[in-house]
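Undergrad: Mind looking over this structure? Questions follow.
The values are calculated or read from the model by the stated rules, or taken from the named source; none is laboratory data. Remember, it's a predicted structure, so these values are computed and weren't measured experimentally. Cβ sites come from the backbone with ideal geometry, for glycine too, and all protein chains shown count toward neighbours.
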Amino acid sequence: MTIIDCNNLACPEPVLKTKNALDSIEEGVITVIVDNLAAKENVSRFAKAQGCTVSAKAAGEGWELTIAKGYSCELPEMMPEGAPGVAKLPTAILILSDKMGADPKLGEVLMRAFLSTLSKASLPPAKVLFMNSGVLLTAAGSEAIEDIQALVDQGVEVLSCGTCLDFFDKKDALKVGTVTNMFDTVETLTDGYRVTTIR
Amino acid sequence: MLIGLHTGDDAGVRLLDSSNALVQTVDFISPVVDDPYAFGQIAAANSLSDVYAMGGTPITALNVLAFPCKELSRDEITAILQGGADKVAEAGGALLGGHTVESPELFYGLSVTGLVDPAKLISNANARPGDNLILTKPLGAGMVSTAVKGGLASPAHTEAMVKSMATLNKKAAEAMVSAGVRCATDVTGFGLIGHAAGIARESKVNLIFDWERIPLLPGAKEAYSLGMVAAGAYANREKWHDIVEVRAKEGEEALLYASDPQTSGGLLISVSPHESERLLEVIISSGTAEAAIVGEVAPGDGSLIIR
């Protein structure tokens, strides 16, 4: 396992060293040792934005950050309690419509109920992606914003497709989560997530 | 002496006679960009800003320069000083000379002397509940300049940052003085929260910021996700977070932008609600297009709220 010692390094050096180390591997785990809060938060945020899993523990005067890239992202701490010792992929939910199923009236009720229940689930997904008319759920005018915000508050990454927001003229009306692009969407769908699609 | 060491104002002020007070300040910084001419402009704009924040007009300036002789060429030093001289000229001041020393690290800035009408003196102690708050430049300069240091900023983002930092607060300050403003500060190394805290404390009020109205430099969000946040932002956050209540859903993220140290940042102006829209229009049309009303002053005990 690669260990990167960033003791006595000022920002942005720790992030740059972490970036180099992560760029040089397809997947795997690296440990980054930092001695100040700025480096700890910057490196963690950088790694998470790259889709890695980060766990931090206090070590000596600073912190030891364990960063997992690619398929082997499941650190022991990330396992749901009582889960078997095999690697379990994080879940992503892809929502392609603002309604669930064919009947529009029933579909609207079902979607509200689905998001409300999801926001209270004991094991929330890692990501929820909204595409096509699904983005109407995260934009102004949606009645599901509170439930989706509850997901965000639990650490769920809530992403809405920028092209779709544009298409529905909701570009500036996103109320919860962040905007994503096709590149990140493809990465999520093809790389290390168990994806459930809601149409 | 009208303003000295104890109020945490941007510059010291001494009364000369009934219609004139002397404003004095000194500030120098290490490089935030590679281009020496741009660095000279930015450092000078940053130094001149303290006079503007008091409602004053710069009269004279002196260079303060420290640099490693072996690492910088004569042309680079000349370019830095030219950048500074051009900004002093733009400010209508006279550059009288200065002092240079050798140092392992490069620093440049100005000592600036200005004049202010004591009746129009602007301080951080005059904010009144009901006032609106105008911020004249976008935040995020600390983040984008860290990304520049890390080689991770795009040329367009670098250019936007340099343009913002090299812009004098001259016209915005003239507009606020004409509008009868009595309370402002410039947003620099302590970030929005650090400088707002000075106003809240000295004026014995709370300042409320609307997160969605706070302008950010292009590239700031990218720099934030890339972990390109200067250590100073975290230091500012740790120093002031006890007096800040964050209600915006962006939470920690909003707090970190508001803690980002600015070099040659904008003015934070407390202005009566009847004057605010008109003043904002004048400031925007005078060349700082990103200026915005970002919040309001409320009765309180010196706290900040980001909602």
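Undergrad: Out of B:Ser73, B:Ser30, B:Ser103, I need the residue that is more than 30 Å from B:Val297 (Cα to Cα), surrounded by fewer than 16 Cβ atoms within 10 Å (Cβ to Cβ) and free of Cβ contacts under 8 Å to residues at least 12 places away in the same chain. Which one? Give the steps one after another, and end with the answer.
TA: On the way: B:Ser30 fails: free of Cβ contacts under 8 Å to residues at least 12 places away in the same chain; B:Ser103 fails: free of Cβ contacts under 8 Å to residues at least 12 places away in the same chain.
It is B:Ser73.
Undergrad: Still on this structure: How many of the residues making up region B:168-198 are in a loop (DSSP other than H, G, I, E, B) and under 22 Å from B:Ser259 (Cβ atoms)?
TA: 5
Undergrad: Name the pairs whose Cβ atoms lie under 7 Å apart, with the first residue in region A:57-69 and outside any strand (DSSP E or B), the second buried (at least 17 other Cβ atoms within 10 Å of the Cβ), and 6 or more positions between them or separate chains?
TA: From residues that are outside any strand (DSSP E or B), the pairs are A:Glu61/A:Asp35.
Undergrad: Given the condition assigned to a helix (DSSP H, G or I) and either among the polar types (S, T, N, Q) or surrounded by fewer than 21 Cβ atoms within 10 Å (Cβ to Cβ) (or both), answer yes or no: does some residue in region B:48-62 qualify?
TA: Taking region B:48-62 first, the residues assigned to a helix (DSSP H, G or I) are B:48-53.
Subset that is either among the polar types (S, T, N, Q) or surrounded by fewer than 21 Cβ atoms within 10 Å (Cβ to Cβ) (or both): B:49.
Yes.
Undergrad: Counting only residues that are over 21 Å from A:Thr190 (Cα atoms) and either more than 14 Å from chain B (Cβ to nearest Cβ) or in contact with a His (Cβ under 8 Å, 6 or more places away or on another chain) (or both), how many does region A:24-74 have?
TA: Residues flagged as over 21 Å from A:Thr190 (Cα atoms) and either more than 14 Å from chain B (Cβ to nearest Cβ) or in contact with a His (Cβ under 8 Å, 6 or more places away or on another chain) (or both) within region A:24-74 amount to 11.
Undergrad: Moving on. For A:Val152, only one of the following conditions fails: (1) in contact with a helix residue (DSSP H, G or I) (Cβ under 8 Å, 6 or more places away or on another chain); (2) at pLDDT 85 or above; (3) not aromatic (Phe, Trp, Tyr). What is its number?
TA: Of everything listed in (1) in contact with a helix residue (DSSP H, G or I) (Cβ under 8 Å, 6 or more places away or on another chain); (2) at pLDDT 85 or above; (3) not aromatic (Phe, Trp, Tyr), A:Val152 misses just condition (1).
Undergrad: Are any residues in region B:191-218 under 22 Å from A:Ala173 (Cα atoms) and within 14 Å of chain A (Cβ to nearest Cβ), and if so, which ones?
TA: Within region B:191-218, B:Trp211, B:Glu212, B:Arg213 qualify.
Undergrad: Does at least one position in region B:123-140 carry a residue that is of a type in the set (A, V, I, L, M) and over 26 Å from B:Gly302 (Cβ atoms)?
TA: No - not one qualifying residue is present in region B:123-140.
Undergrad: The conditions are (1) within 20 Å of B:Glu212 (Cβ to Cβ); (2) touching a residue at least 24 places away in the same chain (Cβ under 8 Å); (3) assigned to a helix (DSSP H, G or I), and A:Lys170 fails exactly one of them. Which is it?
TA: Unmet condition: (3).
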